[in-house]
Amino acid sequence: MNNIYFTEEHNLFRQSLKDFLQKEVVPNINNWEKSGVIDKSIWTKLGEMGFLGINYPETYGGLGLDFFYTVILLEELQKINSGGFAAAVWAHVYLAMTHLNAEASETIKEKYLSASIAGEKIGCLCITEPFGGSDVAGMRTTAVKDGNVYVINGSKTFITNGVYSDYLIVAAKTTPELGNKGISIFLIDRETPGVSATKLDKLGWRASDTGEIAFDNVKIPVENLMGEENKGFSYIMQHFASERLIMGINAHARAEFALEYALEYMKERKAFGKSINQFQALRHKIADLYTEMEFCKTFNYAVANQLNKGEYAVKEATMSKLKSTKMADEVMYECLQFLGGYGYMEEYPMARLLRDSRLGPIGGGTSEILREILSKIIIDNKSYKPAT
Ligand SMILES: Cc1cc2nc3c(=O)[nH]c(=O)nc-3n(C[C@H](O)[C@H](O)[C@H](O)COP(=O)(O)OP(=O)(O)OC[C@H]3O[C@@H](n4cnc5c(N)ncnc54)[C@H](O)[C@@H]3O)c2cc1C
């Protein structure tokens with residue numbers, strides 16, 4: 001089934017990525033999870049291998065490869081059991097850099113996109129605010145034009161790579177009275193006076209620096225406006241489709257990893273004189289969970305194929321995240337149960353997997369918001385179009 005999408009080149013790429021992660025990342029994961037800080041040097045190593053530029057133009061040092069290479073990157077990042085490290089990478093490559101590539105001017109791209117692909121500059125995407133999460137249009141951060149600068153004031157929260165990144169892609173209101181039609185997107189260099197960040201403590205994704213960010217009279221050149229003024233909301237919505245599929249793919253991959261781990265464990269663990277994988281109650285549970293996971297994976301590959309062909313698959317990407325993140329949470333809960341008390345111990349992978357997975361139905365659009373979007377598409381025949 002998977003051969004429909006993955007060629008021999010894809011498989012070779014997967015193997016070299018796996019080898020890289022085992023050698024350069026896995027030995028450090030526990031430290032990064034404990035300290036909440038990822039070693040900076042890993043970024044340039046990822047860059048040198050081309051992993052940060054898979055889908056970006058060769059002009060900026062990217063590889064210009066199809067979307068299934070991205071699928072492989074996302075899947076393998078989930079299979080080393082650090083949702084936080086994976087998030088740091090995909091938030092840089094698929095949140096911040098997606099906006100850079102699509103909306104930034106040539107000058108900004110030369111300075112920031114090339115360096116992002118090389119792993120020399122790391123980005124974050126700042127949309128969520130303390131008073132505006134699901135309600136993106138309710139954001140309060142403003143950008144006021146004053147001669148040849150914009151002056152930014154406001155705050156953002158829950159930002160992945162929010163503390164240690166080098167630049168910030170920030171949504172702010174340029175025309176507040178227009179609501180969601182008055183939002184624009186800017187690039188702010190971390191070194192700009194008036195930018196400050198605080199690290200947040202959280203349930204999972206512990207290797208990732210989730211930050212709260214304040215902008216106090218931050219002056220940036222007008223050239224740092226990305227795309228057109230007041231078009232920010234449509235840019236955000238446009239990229240949400242791929243972000244949601246990404247989170248769906250992450251979910252099926254970590255569920256597959258958890259199931260494979262649990263299966264190995266159940267083969268070895270004995271109770272009442274036999275391997276626990278011989279108890280019908282557990283066997284049937286595995287059968288159900290595996291079926292759910294495979295359904296999500298197959299669906300997600302089909303949606304990836306749509307994106308690969310340039311289709312704007314908002315409905316399907318929304319369904320992907322809604323269903324896959326729920327499935328992954330169920331898989332984590334049950335797999336932890338299969339391990340009994342060991343499932344609850346940090347020495348075994350399930351505790352971290354359970355914590356990390358819980359963000360799936362929250363980040364990048366909660367399941368409730370996704371159901372709202374799907375209801376509008378299915379019941380009200382609303383159609384979403386890409387930004388022009
Ligand atoms: C670890 C982490 C990393 C994140 N990374 C980023 C990032 O890099 N960049 C970024 O911009 N954001 C990021 N986020 C923010 C994330 O996208 C938001 O948390 C999410 O969109 C929800 O917003 P909120 O937290 O303000 O919840 P709220 O909007 O306050 O929602 C609270 C509850 O109300 C429900 N609700 C709200 N409106 C409705 C409605 N209309 N109908 C039914 N129910 C509703 C929600 O579903 C939720 O259950 C991150 C969050 C976390 C926790």
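Six or more apart or on different chains, Cβ under 9 Å: which pairs go from a residue in region 65-87 that's in the same structural domain as THR210 (by TED's automatic domain parsing) to one that's surrounded by 24 or more Cβ atoms within 10 Å (Cβ to Cβ)? Could you list them?
Partner pairs satisfying both residue conditions: none exist.
Taking region 31-46, which residues are outside any loop (DSSP other than H, G, I, E, B) and either open to solvent by 10 Å² or more (accessible area, probe 1.4 Å) or of a type in the set (Phe, Trp, Tyr) (or both)?
Scanning region 31-46 gives ASN31, TRP32, GLU33, LYS34, SER35, SER41, TRP43, THR44, LYS45.
Among the numbered criteria (1) more than 10 Å from the ligand (Cβ to nearest atom); (2) out of contact with any strand residue (DSSP E or B) (no Cβ under 7 Å at 6 or more places or on another chain), which single criterion is violated by GLY194?
The one condition GLY194 does not meet is (2).
I need a count of the residues in region 69-82 that are open to solvent by 10 Å² or more (accessible area, probe 1.4 Å) and either within 16 Å of the ligand (Cβ to nearest atom) or of a type in the set (Phe, Trp, Tyr) (or both).
Total satisfying the criteria: 2.
In region 153-169, what residues are crowded, with 24+ Cβ neighbours inside 10 Å and either more than 8 Å from the ligand (Cβ to nearest atom) or on the phi > 0 side of the Ramachandran plot (or both)?
ASN161, SER165, TYR167, LEU168, ILE169
SER375 - would you say it is touching a Pro at 6+ places or on another chain (Cβ under 8 Å) and either within 10 Å of the ligand (Cβ to nearest atom) or of a type in the set (S, T, N, Q) (or both)? Steps first, answer last, please.
Working: touching a Pro at 6+ places or on another chain (Cβ under 8 Å): no; either within 10 Å of the ligand (Cβ to nearest atom) or of a type in the set (S, T, N, Q) (or both): yes.
When the stated conditions are applied, SER375 does not pass them.
Can you list residue pairs whose Cβ atoms sit under 6 Å apart, with the first residue in region 191-212 being closer than 20 Å to TYR150 by Cβ and the second being part of a strand (DSSP E or B)? Count only pairs 6 or more apart in sequence or on different chains.
THR192/VAL218; GLY194/ASP216; GLY194/ASN217; GLY194/VAL218; VAL195/VAL218; SER196/ALA214; ALA197/GLY211; ALA197/ILE213
Here's the yes/no breakdown for (1) near the ligand (Cβ under 9 Å from one of its atoms); (2) in a loop (DSSP other than H, G, I, E, B):
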| position | (1), (2) |
| --- | --- |
| LYS109 | no, no |
| TYR112 | no, no |
| ILE117 | no, no |
| GLU120 | no, yes |
| CYS124 | yes, no |
| SER134 | yes, yes |
| ALA137 | no, no |
| ARG140 | no, yes |
| VAL144 | no, no |
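The values are calculated or read from the model by the stated rules, or taken from the named source; none is laboratory data. Please read these numbers as outputs of a predicted model, since none were measured by experiment. No Cβ is skipped: glycine too gets one built from the backbone with ideal geometry, and neighbour counts run over all protein chains shown. Surface accessibility is based on the protein's heavy atoms, side chains included, excluding ligands, DNA and RNA. Shrake-Rupley method; radii C 1.70, N 1.55, O 1.52, S 1.80 Å.
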